[in-house]
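Colleague: I have a structure here, written as structure tokens, and I will follow up with some questions on it.
The values are calculated or read from the model by the stated rules, or taken from the named source; none is laboratory data. Small disclaimer: the values here were computed from a predicted structure and weren't measured. All Cβ positions, glycine included, derive from the backbone under ideal geometry; neighbour counts span all protein chains shown. All accessible areas refer to the heavy atoms of the entire protein, side chains included, with ligands and DNA or RNA removed. Shrake-Rupley method; radii C 1.70, N 1.55, O 1.52, S 1.80 Å.
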Amino acid sequence: MATTTQAPTQLDPLDFLALDALLDDEERAIRDTVRRFVRERILPDVGDWFEQGILPREVVQELAKLGLFGMHLEGYGLPGASSVAYGLTCLELEAGDSGVRSAVSVQGSLAMFAIWRWGSEEQKERWLPPMHRGETIGCFGLTEPDAGSDPGAMRTHARREGSDWVLNGAKMWITNGTIADVAVVWAQTDDGEIRGFLVEKGTPGFSAPEIHKKLSLRASVTSELVLQDVRVPGDAMLPGSSTLRGPLSCLNEARFGIVFGAVGAARACFEEALAYARERIVFGKPISAYQLTQQKLAEMALEVNRAGLVALHIGRMKDEGTLRPEHVSLGKMGNVRGALEVCRSARTILGGNGITLEYPVIRHMNNLESVLTYEGTHEVHTLVVGQALTGENAFGRG
Ligand code: TGC
Ligand code: FAD
């Protein structure tokens, strides 16, 4: 079959491989709605929010109004959107800011998913509808000061007392912790089980101080969770899971969103760099006319399109039910690393303007340093893929 002979100048730089044609009408409609929201509601102010270290509560409510919290889950009044539609939503949100995507990821893929997958019928009916509507904000507490990559080393402890549970310990780096109405807290029991508990804001002994001085993910609340003899009733425990498989299953969901989200951050930086290169005159010519700049732009286009294809393929696999955690690890490690490279290269094209919040590039670049680390570090995903390839566990334990 003949290849098309259109001149390269007719290609859309922002959809070079025409990936748009691989989406159906519903996916495109959801994508366009979120893209418009980001353009109108996030982009004009997100630089200021980043500078101030806030994500306004009303923005969180607007995300809920759009129906994005738990959008890919079914039942209990949830939309049951496809995985690809959810992924595209994450992509467009992260083209705005990783913190905005994180708000949706943590609410829907971590806190709501934990209840949806491992909760009792009563817990699902009580919590999921108000969480979808944004009336109840959730967080997900797995990481501890001394147990991040290795959550099996957690020290947070749950002791049975009559029909109650008493929790002691601390969680670290918890997105939305300070603003959450309910925290999903993972703890080890006397029997060596790992259990999830729903801890409501205001429970005596429970506090969630905000972590300050971050230089990344600043338009997102990050917190500690402190639990000192926190007593919760027996029905606050998620009954469906008693091992690490419970929390790790939730991570698959959030990591999936990051596979797409990273493409959004990369695309935003590529778009900015391309526009800037065409306008910026140095040595009498736009810098887009120099080979070195064109090489950077071509590499960026390659990465944005490669990562977009990987994300879409992984999304289709998830919708077909063939996606495995190892696939998600491969997607997360490749797409986040690639996005960071795109953003760093874009930053060089912007010269001095590359380091100011007047442009989105350094904000995305700094955010991606967190994305590289959270939801499993680049190294952890490398070892997951390495184990899948060789059958050898190189984590140091197991
Ligand atoms: P291991 O012995 O391999 O496994 C224990 C049990 O879990 C099962 N399993 C999984 N199940 C579902 N999905 C996965 N991805 C799974 N990985 C393992 C496994 O089959 C086993 O099940 P069972 O039934 O036999 O008990 O566990 P390990 O302790 O050796 O750990 C493996 C490792 C290192 C891959 C895992 O611990 C890991 O992923 N570590 C990274 C931790 C991490 O990613 N934390 C993220 C915290 S949340 C966050 O960062 C939110 S950021 C905000 C945002 O998302 O926007
Ligand atoms: P460590 O585990 O101490 O790792 C330090 C370094 O050692 C890393 O480079 C790591 O890759 C490397 N390393 C570890 N093991 C190995 C090995 N076997 N071989 C080679 N290298 C290794 N957690 C939550 O539970 N909920 C949240 O909502 C949440 N939100 C977050 C938001 C932000 C902004 C950030 C920064 C983090 C968040 N986290 C959250 C925590 C995040 O998941 C952890 O930071 C991450 O899992 C890494 O854990 P750690 O920071 O303890 O690093």
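Colleague: For the range 13-28, does any single residue satisfy the condition of being at positive phi and out of contact with any helix residue (DSSP H, G or I) (no Cβ under 9 Å at 6 or more places or on another chain)?
Modeller: Yes, the range 13-28 contains a residue that is at positive phi and out of contact with any helix residue (DSSP H, G or I) (no Cβ under 9 Å at 6 or more places or on another chain).
Colleague: Out of the residues in the range 94-108 meeting the condition of being of a type in the set (Gly, Ala, Ser) and within 9 Å of the chain's Cα centre (by Cα), tell me which one is nearest to ligand 2 (Cβ to nearest atom).
Modeller: For the range 94-108, the residue satisfying everything is 102.
Colleague: Continuing with this model, one more query. How many residues are part of a loop (DSSP other than H, G, I, E, B) and either surrounded by fewer than 21 Cβ atoms within 10 Å (Cβ to Cβ) or in the same structural domain as residue 123 (by TED's automatic domain parsing) (or both) if we restrict to the range 164-197?
Modeller: 7
Colleague: Check whether at least one residue in the range 216-235 is in a helix (DSSP H, G or I) and either touching a Ser or Thr at 6+ places or on another chain (Cβ under 8 Å) or not assigned by TED's automatic domain parsing to the domain that holds residue 70 (or both), and report yes or no.
Modeller: Scanning the range 216-235 turns up at least one residue that is in a helix (DSSP H, G or I) and either touching a Ser or Thr at 6+ places or on another chain (Cβ under 8 Å) or not assigned by TED's automatic domain parsing to the domain that holds residue 70 (or both).
Colleague: Quick check: is even one residue across the range 363-376 open to solvent by 60 Å² or more (accessible area, probe 1.4 Å), in a loop (DSSP other than H, G, I, E, B) and either free of Cβ contacts under 8 Å to residues at least 24 places away in the same chain or not basic (Lys, Arg) (or both)?
Modeller: The answer is no, given that none of the residues of the range 363-376 is open to solvent by 60 Å² or more (accessible area, probe 1.4 Å), in a loop (DSSP other than H, G, I, E, B) and either free of Cβ contacts under 8 Å to residues at least 24 places away in the same chain or not basic (Lys, Arg) (or both).
Colleague: Please verify whether the range 266-278 includes one or more residues that are open to solvent by 20 Å² or more (accessible area, probe 1.4 Å), modelled with pLDDT of 95 or more and either within 27 Å of residue 116 (Cβ to Cβ) or of a type in the set (A, V, I, L, M) (or both).
Modeller: yes
Colleague: Say we look at the range 203-221 and pick out the residues that are within 14 Å of ligand 1 (Cβ to nearest atom) and of a type outside the set (Lys, Arg); which of these is nearest to residue 238 (Cα to Cα)?
Modeller: Applying the filter and picking the extreme gives 221.
Colleague: What are the residues in the range 382-398 that are under 28 Å from residue 91 (Cβ atoms) and within 8 Å of ligand 1 (Cβ to nearest atom), if any?
Modeller: 383, 384
Colleague: I need the full set of residues from the range 117-158 which are free of Cβ contacts under 8 Å to residues at least 12 places away in the same chain, within 15 Å of ligand 1 (Cβ to nearest atom) and open to solvent by 20 Å² or more (accessible area, probe 1.4 Å), in order please.
Modeller: Across the range 117-158, the qualifying residues are 146, 153.
Colleague: In this structure, is residue 338 surrounded by fewer than 17 Cβ atoms within 10 Å (Cβ to Cβ) and more than 14 Å from ligand 2 (Cβ to nearest atom)? I'd like the intermediate steps shown before the answer.
Modeller: Details: surrounded by fewer than 17 Cβ atoms within 10 Å (Cβ to Cβ): no; more than 14 Å from ligand 2 (Cβ to nearest atom): yes.
So residue 338 fails the test.
Colleague: Within the set of pairs 6+ apart or on separate chains, which have a first residue in the range 276-296 that is in a strand (DSSP E or B), a second that is open to solvent by less than 70 Å² (accessible area, probe 1.4 Å) and hydroxyl-bearing (Ser, Thr, Tyr), and C-beta atoms under 9 Å apart?
Modeller: 282/290; 286/293
Colleague: Let me ask something additional. Taking residue 139 and the conditions (1) touching a strand residue (DSSP E or B) at 6+ places or on another chain (Cβ under 7 Å); (2) assigned to a loop (DSSP other than H, G, I, E, B), which numbered condition does it fall short on, given that it satisfies the others?
Modeller: Of (1) touching a strand residue (DSSP E or B) at 6+ places or on another chain (Cβ under 7 Å); (2) assigned to a loop (DSSP other than H, G, I, E, B), only one is false for residue 139: (2).
Colleague: Residue check: is residue 345 in a helix (DSSP H, G or I), within 16 Å of ligand 2 (Cβ to nearest atom) and not acidic (Asp, Glu)?
Modeller: The answer is no for residue 345.
Colleague: Considering 161, 200, which residue is under 28 Å from residue 58 (Cβ atoms), more than 11 Å from ligand 1 (Cβ to nearest atom) and open to solvent by 40 Å² or more (accessible area, probe 1.4 Å)?
Modeller: Details: 161 fails: under 28 Å from residue 58 (Cβ atoms).
Sole residue among the options that is under 28 Å from residue 58 (Cβ atoms), more than 11 Å from ligand 1 (Cβ to nearest atom) and open to solvent by 40 Å² or more (accessible area, probe 1.4 Å): 200.
Colleague: Here's a follow-up. Quick one: how many residues across the range 65-94 are in a helix (DSSP H, G or I) and open to solvent by less than 10 Å² (accessible area, probe 1.4 Å)?
Modeller: The total comes to 9.
Colleague: Cβ-Cβ under 6 Å, sequence separation 6+ or interchain: first residue in the range 159-184 and within 22 Å of residue 107 (Cβ to Cβ), partner of a type in the set (Lys, Arg). Which pairs?
Modeller: 181/201
Colleague: Same structure again: Pull up the range 210-236, narrow it to residues that are of a type in the set (A, V, I, L, M, F, W, C) and open to solvent by 30 Å² or more (accessible area, probe 1.4 Å), then point me to the one that is farthest from ligand 2 (Cβ to nearest atom). Even if it seems obvious, please write down each step before you answer.
Modeller: Step one: list which residues in the range 210-236 are of a type in the set (A, V, I, L, M, F, W, C), which gives 211, 215, 217, 219, 221, 225-227, 230, 232, 236.
Of the ones still in play, those that are also open to solvent by 30 Å² or more (accessible area, probe 1.4 Å) are 215, 226.
Numbers: 215: 11, 226: 14 Å.
Only one residue fits best here, namely 226.
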